């Protein structure tokens, strides 16, 4: 499944991109006056192989949740139980991601790929049968690969088979959401301690020094930050992960939600559907997706620049410019949701704006 | 009317701001993790004098249109007729501002404060009677002060009475839109050549050198740009406008849409209603509003950073950080509309997100 998905990912359609550029020149606005929105709409035309590309509606957020053995190293002040408690909050609609999703009309799917603690009972939110995108009711998918990763400071976080299972879960979720009608996928994540594996992935895939790839996550103090950098540095030295083997990198120093997000991105790219990236967890997973399939980058839209320094390292490596830069460091998919109207607006221009000819407006 | 409006503008409510900061600390997210959105929501609580402040819905865009005598100096390659032609495009729903307003559910009001050419017949769009905010039908208001300004390179662009009439038109439009239910006003503008008076206003109010305050607008070539800077420099030398007399500055080197936008901002501030600023025309008008009433700044939200360098000079002077920075230089209100979901999201968090206590989530 992973191999067939990778094989299905193709380069963008240059002809659709040329059509979008040409159309931009005829619309009633000075050439280039929409700045980054113009190039974004051109990229999305190339991805869709059509000009205009489809409006990215409806949108679906997929929040992958997992826990981390490296929590034992004291890399975060938050108790591990919060991962599972926040799943309860997502399903009850009380988190920031829910507020932003309601505003954007996006559905929320929460996927347990590896939460350590027993999840709160959520019978009403459990679903079976065909997937329905319903912005008013968050949906839960039980797809646990194992109850949290092993401690990457001590051993490989995952076996290759576990990493593959998580990636394939992400691909399956992409398939289900797109089959259900989603025209854009938004990445979300939840996992206490998950900025540590994200930093290790970013350092492994980009070659950045762990000091530059590691940030303060939800707000750690100086001693904790120093410990976090040391853990990342030691893990890279111990496992010596190589970007040529992305599954091996994910297994050695990744997390289950990181691996699943890489799969989600690959699944979206294989179906020529855009995937709007959230913060540092998302872009660390995007590096893995790009290592599996370089052309997957053409399906990625960088939603925002996380306050985590590693996010900027990763975005630079991917060649992506983020749409929003407001110092967010929450995760959950919140930054991607804030950026969604910008993406929709960029595409809408190609659908709805009059040309100089049709509107009877003179050109310069 | 101008004086009573200025007198009604008060400082923000510190108690409501403190309540918003305190509430942010109890919501289910790491403290500070929403970055600039947190401080934005605190500012809006201070403006409203309530925590949470009202959601900024519905939103109303007011596009003020005018022409400019300085067009005769060759400061733009676009014919002056385009101002009136674009009004036709706005009323037909074919411009970028219309596409973005439809997406955001915002109404569009086009106000002729000084278009030089006869406007296209738009009987269906003309309205009388009470103002209704209808996102599906742009509305036209005829409020021409004169058919374009005089050439600021030769004489004062406006008399003081004309400038005052335009400012008061802006105040009246703010009053009408807020009475009709608008919870946030968005600034829009249309006027071929209007980045030249904007640059002159920015230089006059901030003391910036005309070279730093002047940009390439819709995309002028090197000789035109040099001419534009020279025109601004000569106008400042000729008229010697002083920020202590904002009406005098607007009259000497402003435009009718700039003056009306200053009035819109003052009117919104007097009614403690936020006003979301678009690009360089808006922020040049915001400088005038702040010169009339320094506390008006607390009603201003900077929607985006225009590609025009003068916009950054003005924002710095006002102490405002923009929400979006995507190289836009279109005007019309497009940058403000792109930022609107960010503002709404910032406020929505205070309304809808669960607290640690209520959600049963542990703290660090």
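Worth pointing out:
For every residue, the table says whether it meets (1) free of Cβ contacts under 8 Å to residues at least 40 places away in the same chain; (2) closer than 19 Å to residue A:329 by Cα; (3) surrounded by fewer than 24 Cβ atoms within 10 Å (Cβ to Cβ).
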position	(1), (2), (3)
A:52	no, no, yes
A:73	no, no, yes
A:79	no, yes, yes
A:90	no, yes, no
A:93	no, no, yes
A:102	yes, no, yes
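- Residues that are assigned to a helix (DSSP H, G or I), more than 10 Å from chain A (Cβ to nearest Cβ) and touching a helix residue (DSSP H, G or I) at 6+ places or on another chain (Cβ under 9 Å), drawn from the range B:54-89: B:70, B:71, B:73
- Across the range A:351-362, the number of residues qualifying as touching a residue at least 40 places away in the same chain (Cβ under 8 Å) and surrounded by fewer than 24 Cβ atoms within 10 Å (Cβ to Cβ) comes to 7.
- Any hit, the range A:212-233, residues being at pLDDT 95 or above, more than 17 Å from residue A:164 (Cβ to Cβ) and in contact with a strand residue (DSSP E or B) (Cβ under 9 Å, 6 or more places away or on another chain): no
- Residue A:92 fulfils the conditions (1) within 14 Å of chain B (Cβ to nearest Cβ); (2) within 22 Å of the chain's Cα centre (by Cα); (3) closer than 20 Å to residue B:351 by Cα except for a single criterion, (2).
- Qualifying residue in the range A:21-40 (condition: at pLDDT 95 or above, more than 30 Å from residue B:221 (Cβ to Cβ), surrounded by fewer than 20 Cβ atoms within 10 Å (Cβ to Cβ) and more than 10 Å from every other protein chain (Cβ to nearest Cβ)): no
- Residue count for the range A:294-303, restricted to those that are part of a helix (DSSP H, G or I) and touching a helix residue (DSSP H, G or I) at 6+ places or on another chain (Cβ under 9 Å): 5
- As a summary of the residue check, residue A:202 satisfies the conditions (1) part of a helix (DSSP H, G or I); (2) more than 30 Å from residue B:362 (Cα to Cα) except for the one numbered (2).
- Candidates B:284, B:306, B:358, filtered to the one that is on the phi < 0 side of the Ramachandran plot and in a loop (DSSP other than H, G, I, E, B): B:306
- Residues of the range B:208-224 that turn out to be farther than 18 Å from residue B:152 by Cα, part of a loop (DSSP other than H, G, I, E, B) and in contact with a helix residue (DSSP H, G or I) (Cβ under 9 Å, 6 or more places away or on another chain), as a count: 4
- One residue from B:308, B:257 being within 14 Å of chain A (Cβ to nearest Cβ) and crowded, with 24+ Cβ neighbours inside 10 Å: B:308
- Scanning the range B:242-274 for residues that are closer than 11 Å to residue B:201 by Cα and without any contact (Cβ under 8 Å) to a residue 40 or more places away in the chain yields one hit, B:242.
- Residue B:47 being away from chain A (no Cβ under 14 Å), assigned to a helix (DSSP H, G or I) and under 30 Å from residue B:102 (Cα atoms): yes
- Restricting A:153, A:163 to residues that are part of a loop (DSSP other than H, G, I, E, B) and either in contact (Cβ under 8 Å) with a residue 12 or more places away in the chain or surrounded by 24 or more Cβ atoms within 10 Å (Cβ to Cβ) (or both) narrows the list to A:153.
- In the range A:319-347, of all residues being farther than 18 Å from residue B:327 by Cα and out of contact with any strand residue (DSSP E or B) (no Cβ under 7 Å at 6 or more places or on another chain), the one that is surrounded by the most Cβ atoms within 10 Å (Cβ to Cβ) corresponds to A:334.
- Test: residue in the range A:178-191 that is surrounded by fewer than 24 Cβ atoms within 10 Å (Cβ to Cβ) and outside any loop (DSSP other than H, G, I, E, B): yes
- Among the criteria (1) surrounded by 19 or more Cβ atoms within 10 Å (Cβ to Cβ); (2) under 30 Å from residue B:164 (Cα atoms); (3) away from chain A (no Cβ under 14 Å), the one residue B:16 does not fulfil is (2).
- Taken over the range A:304-327, the residue count meeting the criterion of being within 22 Å of residue A:191 (Cβ to Cβ) and out of contact with any helix residue (DSSP H, G or I) (no Cβ under 7 Å at 6 or more places or on another chain) is 2.
- Looking only at the range A:311-352, and only at residues there that are in a loop (DSSP other than H, G, I, E, B) and closer than 21 Å to residue A:246 by Cα, the one that is nearest to the other protein chains (Cβ to nearest Cβ): A:320
- Scanning the range A:275-298 for residues that are more than 11 Å from the chain's Cα centre (by Cα), touching a residue at least 12 places away in the same chain (Cβ under 8 Å) and closer than 18 Å to residue A:43 by Cβ turns up A:290, A:293, A:295, A:296, A:297, A:298.
- Boolean, residue A:129 is more than 18 Å from residue A:263 (Cα to Cα), modelled with pLDDT under 95, assigned by TED's automatic domain parsing to the domain that holds residue A:329 and crowded, with 24+ Cβ neighbours inside 10 Å: no
The values are calculated or read from the model by the stated rules, or taken from the named source; none is laboratory data. Here the structure is a predicted model, which is why all the values come from computation and not from measurement. Note that each Cβ is placed from the backbone with ideal geometry, even for glycine, and that neighbours are counted across all protein chains shown.
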